Amino acid sequence: MMGTRKRNRRKPAGEGQLDLFARLQPLVTWLTDGGLRPVLGVVALMVGLGVMTWGLVVSFDRPIGKVEVGGQFQRVAPLQIEEVVAPFRGSGFLSVDLDALRAALETIPWVDRARVERKWPNGVRVFITEHVAAARWGESGLMNTRGELFLNDARHIPQELPQLVGPPGTEAQVAKLYLDSYPRLLGVGMRLTKVELDARGAWQLTLGNDVIVRLGRQDVPARLERFIAVASPVVAARAAEVSYVDLRYSNGFAVGWNVPTRVARDAEEARADG
């Protein structure tokens, strides 16, 4: 018995269009009944707010007209600050790049930190903090209290500052030994005036009485400790006669005597005996 195959029933022409119209009928009814009006109102409100905001920005974003400088500083001249700020005056009060201005101000010699803020209605306020020179670097450099080289070629070098010397790139290393050694030497009555690191990596200290302390390249902390504990009493007692103290020995040290001074003292003693 043969099965019968159901034939697909073809929809009459136009029935698909009727179905589509039936689906769209609610949307058409909503639009014709005024449903579009709230949407248009929201869009108009957003456009109006955008135009208003843009107008406010334009009216407030006036070119920078006033620069107010604050902070305690002696080395930085107001003219230097004005020269840095000048290119930013064309920017608006709201659009000026404060971070860029701050970075530019910190390129001025002697400026350690700068802080910049807007001042209503068309100005900026600048606060300057200067570097504090704590040591000389080489012959004409200056280092701050953090051991950072902030000026390579200073015109005026305070001679009372300690001098740090070393190959390029060793500033932090030399500054660290100075900061570690200074209070310890001061504790035994000796003032540290110079720290030097040579190209071979050997360390040498100079005290306020011009006595040189040779620490060499190895075991520098232990050698410094030996000088403070053992050699410093010798130097303190006969500072005028000592030229240097050499700590580059395993368990001891050598003293270099100031020969002219010693000879003069012996001659004086001989005359007194005669």
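The values are calculated or read from the model by the stated rules, or taken from the named source; none is laboratory data. What you see is a predicted model, and the numbers here were worked out from it, not measured in a lab. Neighbour counts are summed over all protein chains in view; Cβ atoms, including those assigned to glycine, are modelled from backbone coordinates with ideal geometry. Surface areas here come from the heavy atoms of the whole protein model, side chains and all, with no ligands, DNA or RNA. Shrake-Rupley method; radii C 1.70, N 1.55, O 1.52, S 1.80 Å.
For segment 135-178, a residue qualifies if it is of a type in the set (A, V, I, L, M) and within 29 Å of VAL85 (Cβ to Cβ), and the qualifying residues are LEU142, MET143, LEU149, LEU151, ALA154. Name every residue in segment 77-116 that is of a type in the set (D, E, K, R) and either in contact with a Phe, Trp or Tyr (Cβ under 9 Å, 6 or more places away or on another chain) or part of a helix (DSSP H, G or I) (or both), in order of residue number. Passing the criteria: GLU82, GLU83, ASP97, ASP99, ARG102, ASP112, ARG113, ARG115. Checking each residue in segment 190-239 for being among the acidic types (Asp, Glu), open to solvent by less than 70 Å² (accessible area, probe 1.4 Å) and either within 16 Å of ASP180 (Cβ to Cβ) or part of a strand (DSSP E or B) (or both) picks out only GLU196.
Residue by residue, here is whether (1) within 23 Å of ASP210 (Cα to Cα); (2) of a type in the set (A, V, I, L, M); (3) touching a residue at least 60 places away in the same chain (Cβ under 8 Å) holds:
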site: VAL96; (1), (2), (3): no, yes, no
site: ARG102; (1), (2), (3): no, no, no
site: ALA114; (1), (2), (3): no, yes, no
site: ARG125; (1), (2), (3): no, no, no
site: ASP153; (1), (2), (3): no, no, no
site: LEU164; (1), (2), (3): yes, yes, no
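Of the numbered criteria (1) within 18 Å of GLU130 (Cβ to Cβ); (2) of a type outside the set (Gly, Ala, Ser); (3) under 19 Å from the mean Cα position of the chain (by Cα), the one LEU98 fails is (1). Just one of the numbered conditions (1) out of contact with any strand residue (DSSP E or B) (no Cβ under 7 Å at 6 or more places or on another chain); (2) of a type in the set (Val, Ile, Thr); (3) at pLDDT 95 or above is not true of THR261: (3).
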